[in-house]
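Structure record follows, encoded as structure tokens.
The values are calculated or read from the model by the stated rules, or taken from the named source; none is laboratory data. Remember, it's a predicted structure, so these values are computed and weren't measured experimentally. Positions of Cβ are backbone-derived with ideal geometry, glycine not excepted, and every protein chain shown enters the neighbour counts.
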Amino acid sequence: MSTALILVDIQLDYFPGGRMEVPGSSEAVRAAKNLLTNFREKNQPIVHIQHISNRAGATFFLPDTEGINFHEYVKPLPEEAVIRKHFPNSFRETALDDYLISKGIKNVLVCGMMTQMCIDATVRAAFDKGYSCLVAHDACAARNLSFNGVDIEAGQVHAAYMAALGAVYAKVVSSEEIVGKI
């Protein structure tokens, strides 16, 4: 049974010099590139998710800005699906589910940014829709958070979300564990 690689929001605004830099984005995109190369070599389905903000007051992923472009390591090929979204959940008001159904996909491998927003929302939605989910933890990245006077470092945010997703929603593995096995 085929597995689709879903690359979520690996866009320039999340990288150094972008409007919403994510710590670890440069490392994560290298792992995502390895996954993408593997899927391309095996002619497996690939979906690139592109966030374009339409929310009033948004400060990044603004329409017609350089920041919405995909990182050079993971630029889509003409035959690869690109699905645009306006919400953290890649399934919400998009054609993602219809696309996966049309290809007979039951398994998804998710990677990208940000762990605590779009990755979390997308994986949980995929699980709720009945997909078997894998997450490549080293091909994802998170931002620092703060809650109730407590600062939480990006690595801890990432670990907490991966632990939560791995408890029920997905099998969480490294990109190295995946390459060559799918």
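Which condition breaks for ASP151 when tested against (1) under 21 Å from MET20 (Cβ atoms); (2) more than 15 Å from the chain's Cα centre (by Cα); (3) not in a strand (DSSP E or B)?
It is condition (3) that ASP151 fails.
Just need a number here: residues in segment 62-72 that are surrounded by 15 or more Cβ atoms within 10 Å (Cβ to Cβ) and assigned to a helix (DSSP H, G or I).
Residues in segment 62-72 being surrounded by 15 or more Cβ atoms within 10 Å (Cβ to Cβ) and assigned to a helix (DSSP H, G or I): 2 in total.
Looking at ALA136, ALA125, ALA160, which is the one that is in a helix (DSSP H, G or I) and over 26 Å from ALA56 (Cα atoms)?
Only one candidate passes the filter, namely ALA160.
Can you pull out every residue in segment 6-37 that is part of a loop (DSSP other than H, G, I, E, B), buried (at least 24 other Cβ atoms within 10 Å of the Cβ) and not hydrophobic (A, V, I, L, M, F, W, C)?
Matches in segment 6-37: ASP9 only.
Residues GLY180, GLY130, GLY149: which one is in contact (Cβ under 8 Å) with a residue 24 or more places away in the chain, farther than 15 Å from LEU5 by Cβ and surrounded by fewer than 18 Cβ atoms within 10 Å (Cβ to Cβ)?
So the residue among GLY180, GLY130, GLY149 that is in contact (Cβ under 8 Å) with a residue 24 or more places away in the chain, farther than 15 Å from LEU5 by Cβ and surrounded by fewer than 18 Cβ atoms within 10 Å (Cβ to Cβ) is GLY130.
Go through (1) on the phi < 0 side of the Ramachandran plot; (2) of a type in the set (Gly, Ala, Ser); (3) touching a residue at least 60 places away in the same chain (Cβ under 8 Å) and name the single condition ALA95 misses.
Result: ALA95 passes all but (3).
Given the condition acidic (Asp, Glu), in a strand (DSSP E or B) and modelled with pLDDT of 95 or more, answer yes or no: does some residue in segment 95-114 qualify?
No, every residue in segment 95-114 fails to be acidic (Asp, Glu), in a strand (DSSP E or B) and modelled with pLDDT of 95 or more.
Before we move on, is PHE61 at positive phi and in contact with a helix residue (DSSP H, G or I) (Cβ under 9 Å, 6 or more places away or on another chain)?
Judged against the criteria, PHE61 is a match.
Based on this model, can you work out whether ASP138 counts as in contact with a helix residue (DSSP H, G or I) (Cβ under 6 Å, 6 or more places away or on another chain), buried (at least 17 other Cβ atoms within 10 Å of the Cβ) and farther than 29 Å from ASN43 by Cβ?
no
I'm trying to understand the selection: among the residues of segment 135-155, which are polar (S, T, N, Q) and in contact with a strand residue (DSSP E or B) (Cβ under 9 Å, 6 or more places away or on another chain)?
Across segment 135-155, the qualifying residues are ASN144, SER146.
Which numbered condition in (1) assigned to a loop (DSSP other than H, G, I, E, B); (2) farther than 21 Å from ALA81 by Cα; (3) of a type in the set (Ser, Thr, Tyr) is the only one that SER53 fails?
Unmet for SER53, out of (1) assigned to a loop (DSSP other than H, G, I, E, B); (2) farther than 21 Å from ALA81 by Cα; (3) of a type in the set (Ser, Thr, Tyr): (2).
Look through segment 157-176, keep the residues that are loosely packed, with under 15 Cβ neighbours inside 10 Å, in contact with a strand residue (DSSP E or B) (Cβ under 9 Å, 6 or more places away or on another chain) and not small (Gly, Ala, Ser), and return whichever of them is nearest to LYS106 (Cα to Cα).
Looking at the filtered set, the residue picked out is LYS171.
Can you tell me which residues in segment 81-120 are closer than 18 Å to ILE182 by Cβ, surrounded by fewer than 22 Cβ atoms within 10 Å (Cβ to Cβ) and not β-branched (Val, Ile, Thr)?
Within segment 81-120, ALA81, LYS103, GLY104, LYS106, ASN107 meet the criteria.
Applying the selection to segment 35-92, what residues are basic (Lys, Arg) and in contact (Cβ under 8 Å) with a residue 12 or more places away in the chain?
ARG40, LYS42, ARG55, ARG84, LYS85, ARG92
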